[in-house]
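Have a look at the structure below, then the notes.
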Amino acid sequence: MKKTTAVKITVWTVVLAAAAVGVWLMVRPSGSGEITVQTVRVSRGNISNSVTATGTVEPVTLVEVGTQVSGIIDRLYVDYNDRVTAGQLIAEMDKVTLESDLEEAEAQLASSKTEYEYRMKEYLRTKQLYEKELVSDAEYDEALYLYETARNTYAQRQASIVGIRRNLGYATITSPIDGVVISRAVEEGQTVAAGFETPTLFTIANDLTDMQVIADVDEADIGYVQEGQRVDFTVDAYPDDVFTGTVEQVRLEATTESSVVTYEVVITAYNPELKLKPGLTANVTIYTLERNNVCCVPSKALRFVPDPGMMESMGYSLAVPEAGKEGPRAPENICWVLNGTQLEPRMVTVGQSDGEMTEIISGVTEGETVVTGVQTAVLPVKAAQQERSPFMPGPPR
């Protein structure tokens, strides 16, 4: 019984060992590894960083034309998309009531003027008699009172008629600027009431060839945005067109919505073909960093630190810095230049960086070869030399 148990244990051990060998043969690499040095030549290129945001296309000058008097819209002389000039008549309100008020005010003014002149003559006569002591003090005081009352009433009528004439002038509505009518909010015969606020009748844009984009930039990116930076943006209406502009203003007022803080950035947008229309949504790219045609290397070349033992096993030697020269204070200021089989450390002065490429101001020259790292190259092995698991089916003959 013990012999049978020992035989079973031996058989299972052999089976498990064979299975383990088969699994190892299936998962092991199908080639051998070789460590090589990654290098790149110092060349000239462009380095840029950008910030993305969304915004709205708006006219630079947008004027809302309203009326300061209440009444009925009698005539409209312009419609949507009409071009207007400064001072052009664009609408008229019913003037019957205002003209009636003016006639009444003029009649009251004439009556008060007559009363004023009469009381003035009466007062002057009473004053002469009073100086000769021919009238009492009470008669003189009454004449003076009536004269001053008539004078004040006449002045009040004069001021009142000025306001009525001005209101009558407001009934004739003209364009304050040269531009295009982009909105009309009233119809002929409609009654408008100018109460606590002036009702808007028309919205006029000054020049649609000169637009602007109001972009909402996140608070994490606003620190990189400055006036004068180049901007590219697209709109959904013309997905294949890229429009250009410039950052004109970075507004200091913050807007908070759903705990997200943004700042408004004003971007100029030249619109000679009138493709950009007010209200379009713009996808904005603001270039916060632009360095063109500068000497640059991959940023990982500045982080490479060679291992002496590994380099020696690969057939490379590390150059010893010249005597008396201090080594670099920060490892990110070292580039390793490859000269034949020798790696030479160079102290470099770096400029701007976009994370992937870094500008080199001095230390290495264009055309030199710098080391960026090491990699393991997988060399394929011939299929005839590859071992297969005994449990895997063979290829078809």
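The values are calculated or read from the model by the stated rules, or taken from the named source; none is laboratory data. What you are looking at is a predicted structure, and each value in this text was computed from that prediction instead of being measured. Here Cβ is always computed from backbone atoms with ideal geometry, including for glycine, and neighbour counts include all displayed protein chains. SASA here: full protein model, heavy atoms, side chains in, ligands and nucleic acids out. Shrake-Rupley method; radii C 1.70, N 1.55, O 1.52, S 1.80 Å.
Solvent-accessible surface of the range 193-321, averaged per residue with a 1.4 angstrom probe and all protein chains in place: 57 square angstrom.
Taking all protein chains as they are arranged and a probe of 1.4 Å, the heavy atoms of SER313 leave approximately 90 Å² accessible to solvent.
Charging the Cβ of each Asp and Glu at -1 and of each Lys and Arg at +1, and nothing else, the dipole of the range 101-155 about its Cα centre rounds to 300 debye. The range 228-288 and the range 61-86 have Cα centres spaced 29 Å apart.
Label positions at GLN68 and GLU139, each projected 7 Å from the Cα along the C-beta direction, are separated by 4.9 nm.
Roughly how many nanometres apart are two label points built 7 Å out from the Cα toward the Cβ at THR97 and VAL294? Once both label points are built, they end up 6.9 nm from each other.
When the solvent-accessible area of the range 45-172 is split by element, carbon and sulfur atoms take up 45 percent of it, the probe being 1.4 Å.
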